[in-house]
Structure formats: structure tokens, C-alpha cells
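Structure record follows, encoded as C-alpha cells.
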């Protein structure tokens, strides 16, 4: 009976931690080089990212409006696709873990990041990379 209880206890602990990893919060940020409010909010977002690299990472999408943005011209397909997917109609705007937040800091802040970070990830992703012998290709 003791062996059965011990076995059941071990299985319970094994499955309770199975598949759970530390989450890294994903920020998808929509901005634009000619956007006045973006120039106001982007430095605080940058500071939050720099101060919390183990909690949050970002992908920045530059839109084609409200003015000219040369960075948009370097990635029009992805920026347009994500802008359309989230129905972004103004910048700055943020999407954290797939949830839309209007602007920053009123829409989200470090408390929002901490709340999302505390949720265990249902999956673990491990990446191994190496360079070719000629150091001209990176394999992931």
C-alpha cells in the first residue's frame, strides 16, 4: 500500500509540472515614424522592455499611416497583415498575448506584464543554433 501511495504521489507531481514552462510575454506594438503620440509613448515602452528582458519581448510593426515611415517600406507584408488581423485603426497600439490594448501607458503597464508573466506557459520551446563552417549561414 505504501508503494502504491508513493507511486500515485510521484505521478501526481510529475503530471502537475508536465508541460509548464516560464512564459515570456509577447508584445506586438504598432507604431509609426510620423506619429506624434508614438514619439511620446515609445520611449516608455522601450524602457519597460529593456528593464524586463526576462519577462517581455516585442515585435514592432510600423504602419503606412498617419504619415510617411521608411521602416514600413522594409516590411510591408507582415505589418499590413498584422494590422489587418488585429483591426488596428490608430497608433500607437499594443497587443499583449493576443489581447488588444489601446495605447500606452493607459492601456497596459508593468502590472499587466507581471500578471501575464505569472501564468505558466502550456509549452516549452527550445532553439539550437549554429553557424556553417564558413560562418556565412545561421541554422536554427
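Readers should treat all values here as calculations from the given coordinates under stated rules, not as data from a laboratory. Source: prediction; values computed, not measured.
Details
- Of all DSSP beta bridges confined to the stretch 25-117, the antiparallel ones make up roughly 50%.
- Pairwise centroid distance, computed over Cα atoms, of the stretch 16-68 with the stretch 81-140, Å: 7 Å
- For the stretch 25-117, the square roots a ≥ b ≥ c of the C-alpha gyration tensor eigenvalues yield an a/c of 1.5 or more together with a/b exceeding b/c, which makes the shape prolate.
- Relative contact order of the stretch 19-96, pairs being alpha-carbon contacts under 8 Å that are 6 or more residues apart, as %: 46 percent
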